[in-house]
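Take a look at the structure set out below.
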Amino acid sequence: MAEQSDAVPVPKKVRTRHFHNAKRQGIKITGLTSYDQLSAAIFDAAGIDFLLVGDSAGNTVLGYGTTLPVTVDELIPLTRAVASAAKRAFVIADMPFGSYESGADQALHTAFRFMKETGAQAVKLEGGVRSAEQIRRIVSAGIPVMGHVGFTPQSEHGLGGHVIQGRGTQLEQLLADAHAVEDAGAFAVVLEMIPAEAARRVTAELEIPTISVGAGPHTDGQLLVWTDWAGLTTGRIPKFVKQYANLAAVLGEAALAFRADVEGGIYPGPEHSYDD
Ligand SMILES: Nc1nc(=O)c2c([nH]1)NC[C@@H]1CN(c3ccc(C(=O)N[C@@H](CCC(=O)O)C(=O)O)cc3)CN21
Ligand SMILES: CC(C)C(=O)C(=O)O
Ligand SMILES: [Mg+2]
């Protein structure tokens, strides 16, 4: 585990109570997505509080362009890999499109699969009022649930694209959705792509912590898709992303250097070769 300063008590293992305590104490919560054990181990050692094995894997690792085709069977091995590497971070499994909307029975069945087969500590699903029954049933089985309201990518076609939610008269719906998630027993809620002032209002009204993905600074925590954050994503990235590294450039240069070494007979040298 990474050395941490004395100022903020660092739990051995993050649990749902640490989300509640952080909000009460005004300590910001940090999350990143992760889809493999290599990135999970690095983020865990850096003290990132939670790792979301997002269905954004559809965009980032599986090459689908959207989250819609992603299945439970695809996310289970990725979630298991992340959970195997997380010593301190809280690991959350994202329930993919089509795995919970049919009703509370289906949602609980999917949540059981993630909990039994991966080692994740919680599940996440999209939707407020429309998903409240599902959240309530999963929570009543002893499984922590993270909610997700505002822009919900699994409904991108229903919402008419990547459209900012909660503006103007939509604020009432956003507040109703956020309250529905809290009342159903979720331990935290993601607010995606909503105006900063709307997120401030939701954060003030809710007792559970709010986690921003493009919802501005007035929330209890922040989450980003790691490949956007690290500069690995090629093509367009959302406006709300701050890029903290340029891994695409680092890997591209390494690949060029490797190719030049092989083509020039420089790699492998004697130090990389075996004697008789
Ligand atoms: N790589 C990646 N990053 C993400 O943040 C992400 C995913 N994938 N997949 C699942 C969802 C989908 N999300 C998205 C996807 C696209 C935009 C986007 O294109 N936003 C534009 C337009 C916003 C507008 O309409 O003004 C932007 O410039 O922010 C935003 C969020 C967030 N999530
Ligand atoms: C963008 C976050 C909230 C998500 O759901 C994902 O990564 O799948
Ligand atoms: Mg998702």
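Read-outs: derived from the displayed coordinates by stated rules, not from any lab. Quick caveat: nothing in here was measured; it's all calculated off a predicted structure. Don't worry about glycine lacking a Cβ; one is built from the backbone with ideal geometry, like all the others, and counts go over all protein chains shown.
In the calculated pair-distance distribution of the range 108-183, the portion above 18 angstrom amounts to 45 percent of the Cα-Cα pairs.
Would you give the gap between the C-alpha center of the range 107-164 and the C-alpha center of the range 13-39, rounded to a whole Å? With the range 107-164 and the range 13-39 each reduced to a Cα centre, they are spaced 18 Å. Let's test the formula: R0 of 22 Å, r as the Cβ-Cβ distance of GLU117 and ALA254. What FRET efficiency results, to the nearest 0.05? That gives a FRET efficiency of 0.05.
Relative to the longest principal axis of the Cα atoms of the chain, the long axis of helix 16-25 lies at roughly 70 degrees.
What FRET efficiency would be calculated for the residue pair TYR274, ASP36, taking the C-beta separation as r and a Förster radius of 45 Å, to the nearest 0.05? So the FRET efficiency works out to roughly 0.90.
If we sort 116-123, 165-172, 241-248 on the protection proxy, mean other Cβ atoms within 10 Å, highest first, what's the order? Please report the intermediate quantities before stating the final value.
On the way: 116-123: 20.5, 165-172: 14.9, 241-248: 13.1.
Peptide ranking by packing, descending: 116-123, 165-172, 241-248.
Can you tell me which of 130-136, 183-189 comes out highest on packing, and rank the rest after it, using the mean Cβ neighbours within 10 Å?
Order by mean packing, descending: 183-189, 130-136.
Dipole magnitude for the chain: computed about the Cα centre from +1 point charges on Lys and Arg Cβ and -1 point charges on Asp and Glu Cβ, it is near 920 debye.
By the rule of a C-alpha distance below 29 Å, with chain neighbours fewer than 8 residues away ignored, the lysines paired with LYS13 are LYS23, LYS28, LYS87, LYS116, LYS124, LYS242. The range 46-69 and the range 168-187 have Cα centres spaced 24 Å apart.
Going highest first, how would you order 145-152, 16-23 by mean Cβ packing within 10 Å? Let's see the in-between values first.
Working: 145-152: 27.1, 16-23: 17.9.
Going by the mean number of other Cβ atoms within 10 Å, highest first, we get 145-152, 16-23.
Mean separation of Cα pairs under 8 Å and 6+ residues apart, divided by the residue count of the range 16-245: what relative contact order is that in percent? It comes to 18 percent, rounded to a whole number. Output the 0 to 90 degree angle, nearest 10, between the alpha-carbon long axis of helix 196-205 and the longest principal axis computed from the alpha carbons of the chain. Helix 196-205 and the main axis of the chain meet at about 60 degrees.
For the pair ASP105/LYS87, report the inter-label distance in nm, with labels modelled 7 Å from Cα in the Cβ direction. Output for this residue pair reads 4.4 nm. Rg and Dmax of the chain, based on Cα coordinates, read 20.1, 77 Å. Across the range 260-267, computed HN-Hα scalar couplings (Karplus, 6.51 cos²θ - 1.76 cosθ + 1.60, θ = phi - 60°) run 5, 5, 5, 5, x, x, 8, 10 Hz from first to last residue, x flagging Gly and Pro.
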